[in-house]
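The values are calculated or read from the model by the stated rules, or taken from the named source; none is laboratory data. Fair warning: this is a prediction, and the values are worked out from it, not measured in the lab. Here the Cβ is made from the backbone with ideal geometry for all residues, glycine too, and neighbour counts use every protein chain on show. SASA here: full protein model, heavy atoms, side chains in, ligands and nucleic acids out. Shrake-Rupley method; radii C 1.70, N 1.55, O 1.52, S 1.80 Å.
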Amino acid sequence: MIYYCEEKEQVLAELRSGKAGLSEKEARERLEKNGKNRLEAAKGKSLFRRFLEQLADPMILILIVAAAVSGVLAVVQHDSFADVIIIIAVVIVNAVLGVYQENKAEKAIEALQEMSAATSKVLRDGRVQTIHSEDLVVGDIILLEAGDAVPADARLLESASLKVEESALTGESVPVTKFFDIIRLRDGEKEVTLGDRKNMLYMGSTVVYGRGKAVVTAAGMDTEMGKIADALSQTSEELTPLQIRLNQLSKILTWLVIEICVVVFAVQLLRAGSLNVNLVLNSFMVAVSLAVAAIPEGLAAVVTVVLSIGVTNMSRRNAIIRRLTAVETLGCAQVICSDKTGTLTQNKMTVVDMYGEDQRFLASAMALCSDAEIDGEGQVTGEPTEAALVAWANSLGLSKQTLKKEYVRCGEAPFDSNRKMMSTVHKNGDGIIQFTKGAVDVVIGKCTHFMRDGKPVPMTEKEKENILSQNKNMADRALRVLACAWRSWEEPPADYEPETLEQNLCFVGLSGMIDPVRPEVKAAIEEFTKEPFKGNLRSCHLSFCLCDFELL
């Protein structure tokens, strides 16, 4: 069943669930049958297997062969086994250090996963319960509100201005407005792209505004995030630059050892002039001895010790390194690629520019015509764009808590993606005032007046061109631009339908906002251009939506 193309009642029937959710017994049976709601990690390796993998390194194999040959020579020539013991000790210490470090990193990662175990609110037996997200099963009814992480793939049953940030799946940082109506396929269309499935929620996304109720349609590895995890698990593990160079060195040493044996053995026989068993045996022993001497037994131990020191230093900076050789890889980086949202930027929209005659009136109108809220400590909660507007007003000394007392909301026409606008109506003393915000071109089309010297004057084509020019100027600087307008009412409107409210508006101004760069980004890029990075890091290429930086 394509859940987003079916009515919610049919989806519930297909999943053998109901409006009261699953019973505890049914949920327990499904959990035992289908397993936990979590992404499968790669199967852990036993300590013995990790130890053998450490011994499988080409350099270590050469050392083992050298130890074996040295042992044979010691037996034949009745010499000391000191060389054999030293080589074996180096091999064992090297393997033990590698296994210890990898096991330590695995334990640290497991501890972090335990600390971050998520919980979800579900409806079971008609009662709201909070359970571990990994105990969710298909058919569970989940309850979500702003700030919650979506724990599994689900079909929406109810939505109250629900907006979800799905950048982990789609790469789009702007929250998506969700609804519970069915999505109809066009002729010849087999499915709707993931980003356009507005009545579905997906694991890995986050609710940023509103609330909703949904039924779980897929859990664990069956989710869209699980498919990504499965694809990643199929990729082969590539060798690090250090491993590649050590493998190359191992090949060179192998051929060098063979050539030494052959050349020395041949020269010994040619110089003798005659052949006998003792001569051949002695010549072979000399050749093998020289070959063993050519092998740098201490190299593997030195490399492991140095990498262990690097891992220890990284751990002091709260960086967990799973594989020892990965430490050296950091020093070999020549190109660093990074995405933008939440990595280079703060994932927090901020107003940085405005156009209008009265900044304070514009900021007040924008803050009031939003559903974001601010507490006494200045913390704003709500949809990122609206949160930016409320924070902007607060920075001008216009707290929304105070504004709400002066302008009491008495009605609204909620934001709609088709209208691209939102309107709120407020009581201000004995008067009624309306604020409308939305896309610039749409709001301008509804305006018959604009503010000049504090008074509404009729809108002109010249003023429209000026507003659109200001909009283009902000947009060219990668700002997200919203327009704001107002309207006064002598008495409360007959209804709060968009058709009634959104006409004969007076333009107030524009606000331009952007997701600002993290403060530490500039310092990090400057650090990459300094020594010793400059020699190895030929370019640091940071590519994202609207801006490209290239540092040479």
What order, most packed first, do the peptides 151-161, 461-471, 516-526 have when packing is the mean number of other Cβ atoms within 10 Å of each residue? 151-161, 461-471, 516-526
To the nearest 0.05, the calculated FRET efficiency linking Met1 and Asp375 through their beta-carbon distance, R0 being 35 Å, is 0.20
Could you order the peptides 48-55, 385-392, 17-24 from most to least packed, using the average number of other C-beta atoms within 10 Å per residue? 385-392, 17-24, 48-55
Please compute, over every Cα-Cα pair in the range 434-516, the percentage with a separation greater than 21 angstrom. 31
Go through 6-15, 211-220, 138-147 and give me the packing order, highest mean Cβ count within 10 Å leading. 211-220, 138-147, 6-15
Report the gain in length on full extension from Ile252 to Val96: 0.36 nm times residue separation, minus Cα-Cα distance, nm rounded to one decimal. 53.5 nm
Would you please state which residues of the range 425-465 a label at Glu357 would reach in this model, taking the label point 7 Å out along Cα→Cβ and a backbone N cut-off of under 14 Å? 448-460, 463-464
In Å, what is the Rg of the alpha-carbon atoms in the range 335-479, and how long is Dmax? 16.7, 64
Rolling a 1.4 angstrom probe over the protein heavy atoms, how many square angstrom per residue are accessible across the range 160-199? 59
Take the residue pairs Lys121/Lys420; Lys446/Lys472; Lys404/Lys464; Lys400/Lys462; Lys178/Lys420; Lys19/Lys348 and return only those whose Cα atoms are more than 26 Å apart. Lys121/Lys420; Lys404/Lys464; Lys400/Lys462; Lys19/Lys348
For the Ala56, Met314 Cβ pair and Förster radius 25 Å, calculated FRET efficiency rounded to 0.05 is 0.50
How many angstrom separate the Cα center of the range 132-175 from the Cα center of the range 1-35? 16
Could you work out how much longer the chain between Val302 and Ala266 gets when fully extended? Use 0.36 nm per residue separation minus the Cα distance between them, nm to one decimal. 9.5 nm
